[in-house]
Amino acid sequence: MSTTTAPSRMPSVHWLIDSRPPSLSWARPAPPQSNQPPLDLVDHEPDRTETAAPNHRGVRATTVKTRWAARPRPGLPNAEQWSATLALAIIQALLGQRSVAQLNRWMVEEVLAAISMSQRRNLKISGRIALHTALHSVRVQHPGPDVAEVSAHVAIGKQSAAMAFRLEALGDRWLCTALELAPPRGFKGMVPRVGDRSRGVGSDQTGY
């Protein structure tokens, strides 16, 4: 009896039909065109200053000139000259070299009271300080036609101090409404700090 073996079938591979959906891509839509012009934050007109040559006392005066600065109202005194005189007078009053009463017409009551209190405290502790005082420079800017903001560099003996104050127009003259002074070493107790009365700062803030 003979047996017949059927030939084995060769394996075959059949590719399946690709059932994946076709690939799609989505692009971010472009933002709508705005009618608003771009904000220009570049100052095309840089700040500049007008610096006069030092006067016979060696004081250099500077006035800031920029597009945001206002022109002082006609009829007011020159703010540079006024500030130079006032800055030196304040230092002399704080040292007891000048009577505070001489500053009556130059400043508001709050600033005057702070200077007077500081002078009395300084005279009680150290007595009258016989040091040479001098003004090196003064810088003025006008944020408004009736306002002048001033910074000054003063010398007390061999040391230096920085002063800042605000002037507001009262009729045909300037009036000091705020005062701040960074004292040299050893003079902190005599220095007042009085804010602008329009900001609600009273005369009780008289020391650092």
(request) Would you mind counting up the charge near P145? Only other residues with Cβ under 14 Å from its Cβ, with Lys and Arg at +1 and Asp and Glu at -1. (result) -2
(request) Scan around I156 for amide H atoms under 5 Å from its own, H built in the peptide plane at 1.01 Å from N, and keep only partners 5 or more places away or cross-chain. (result) A161
(message) Around P77, under 14 Å between beta carbons, what's the net of Lys plus Arg minus Asp minus Glu among the other residues?
(response) -1
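Throughout, read-outs are computed from the coordinates displayed, never taken from laboratory work. All values derive from a computational prediction rather than experimental measurement. Positions of Cβ are backbone-derived with ideal geometry, glycine not excepted, and every protein chain shown enters the neighbour counts.
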